[in-house]
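The values are calculated or read from the model by the stated rules, or taken from the named source; none is laboratory data. Every value quoted in this text rests on a predicted model; they were computed, and no experiment measured them. Note that each Cβ is placed from the backbone with ideal geometry, even for glycine, and that neighbours are counted across all protein chains shown. To get the accessible areas, we keep the full protein, side chains included, count just its heavy atoms, and leave off ligands, DNA and RNA. Shrake-Rupley method; radii C 1.70, N 1.55, O 1.52, S 1.80 Å.
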Amino acid sequence: MNFIQKVRRKLFPPTEVIEGYENPELVETIFRKSASYVPVGEWPLVAGVKTVLDFGGGAGIHYKIARKQSPDIRWAVVETSAMVRRARELATNRLMFFDEIAKAADWLGEIELMHSNGAIQYVPVAIDTIKALCAARPATMVWHRVPITDGIVEPEVQTSFLSDNGPGLEAAGKDKLVRYARHWISGNAFVAAHEGYRVTERAADPREHGTQQFRFTRH
């Protein structure tokens, strides 16, 4: 997006608002942008890894990056029911989409890596979801862009441009605003929910202000 487009969008933002991550227009935008996106570069995290459970992985964009250096990697995306229905068009014998953690774990078998990037904060009860992911017993759990707080945990309403959702260039068509609930997570509760795991890395995540990144290793 060039400077003029940014100024125009700031001065004349869209007036139409859509709600929630299961909205059909949002799902379609993410699907189409993910399907056409061509990633570049390497991803050291997945080098040598054979099985990954990608929590909140959209329409499989992370898999597209990973398979460039690990062509035989098996990848299970856990997403909303709406996204799973749409993204299944992209499924292969090495990429599958599930709306339940247990089903993804059954398909993968032994899970070497659980990966999640900027997703857990949109789950209504994050701690329960974290415990369910731990129950799948991945060897390593890596979290990116987790909004951590030591204060009062309260949800907030977050708004983004529809065209900013999904990877790559903007989708064609009329832009809209997307609104959804975002939850800050207690740092102590987040770590404690990883029963059977120890924290091996924790730091501020440079990709999004106010968020942290974590790595947990199974005992």
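Give me the pairs, please: first residue somewhere in region 184-208 and within 18 Å of ASP150 (Cα to Cα) and touching a residue at least 60 places away in the same chain (Cβ under 8 Å), second residue anywhere and among the polar types (S, T, N, Q) and not in a loop (DSSP other than H, G, I, E, B), beta-carbon distance under 6 Å, and either six or more positions apart or on two chains.
These pairs meet every condition: TRP184/THR149; ASP205/THR211; ASP205/GLN212; ASP205/GLN213.
Could you please tell me which pairs satisfy a Cβ distance under 7 Å, a separation of 6+ or placement on different chains, a first residue in region 79-98 that is without any contact (Cβ under 8 Å) to a residue 24 or more places away in the chain, and a second residue that is acidic (Asp, Glu)?
From region 79-98, the pairs are GLU79/ASP99; VAL84/ASP99.
Taking region 105-129 as the region of interest, how many residues are more than 15 Å from the chain's Cα centre (by Cα) and under 12 Å from TRP75 (Cβ atoms)?
Number satisfying all stated conditions: 4.
For region 100-113, check the following and say yes or no: at least one residue is buried (at least 17 other Cβ atoms within 10 Å of the Cβ), under 21 Å from ASN165 (Cβ atoms) and in contact (Cβ under 8 Å) with a residue 24 or more places away in the chain. Break it down stepwise before answering.
Let us first name the residues in region 100-113 that are buried (at least 17 other Cβ atoms within 10 Å of the Cβ), namely 101, 104-105, 108, 111-113.
Okay, now just the ones that are also under 21 Å from ASN165 (Cβ atoms), so none.
Among the residues of region 100-113, not one is buried (at least 17 other Cβ atoms within 10 Å of the Cβ), under 21 Å from ASN165 (Cβ atoms) and in contact (Cβ under 8 Å) with a residue 24 or more places away in the chain, which makes the answer no.
Determine the pairs where a residue that is farther than 19 Å from GLN69 by Cα, located within region 26-46, has a partner that is of a type in the set (Val, Ile, Thr) and surrounded by 15 or more Cβ atoms within 10 Å (Cβ to Cβ) with Cβ atoms under 7 Å apart, the partner being 6 or more residues away or on another chain.
Filtered contacts from region 26-46: LEU26/ILE18; LEU26/VAL178.
Any residue that is among the hydroxyl-bearing types (Ser, Thr, Tyr), farther than 17 Å from VAL142 by Cα and crowded, with 17+ Cβ neighbours inside 10 Å - is there at least one of those in region 12-23? Quick ask: steps written out before the conclusion?
From region 12-23, those among the hydroxyl-bearing types (Ser, Thr, Tyr) are 15, 21; that's our starting set.
The next check asks that each one be farther than 17 Å from VAL142 by Cα; those that pass are 15, 21.
Next, only the ones that are crowded, with 17+ Cβ neighbours inside 10 Å stay: 21.
Looking through region 12-23, at least one residue is among the hydroxyl-bearing types (Ser, Thr, Tyr), farther than 17 Å from VAL142 by Cα and crowded, with 17+ Cβ neighbours inside 10 Å.
Checking GLY58 against (1) crowded, with 16+ Cβ neighbours inside 10 Å; (2) in a helix (DSSP H, G or I), which single condition isn't satisfied?
Here GLY58 meets the rest and fails (2).
Is it the case that SER34 is assigned to a loop (DSSP other than H, G, I, E, B), in contact with a helix residue (DSSP H, G or I) (Cβ under 6 Å, 6 or more places away or on another chain) and open to solvent by less than 20 Å² (accessible area, probe 1.4 Å)? Please lay out each step first, then the result.
Numbers: assigned to a loop (DSSP other than H, G, I, E, B): no; in contact with a helix residue (DSSP H, G or I) (Cβ under 6 Å, 6 or more places away or on another chain): yes; open to solvent by less than 20 Å² (accessible area, probe 1.4 Å): yes.
When the stated conditions are applied, SER34 does not pass them.
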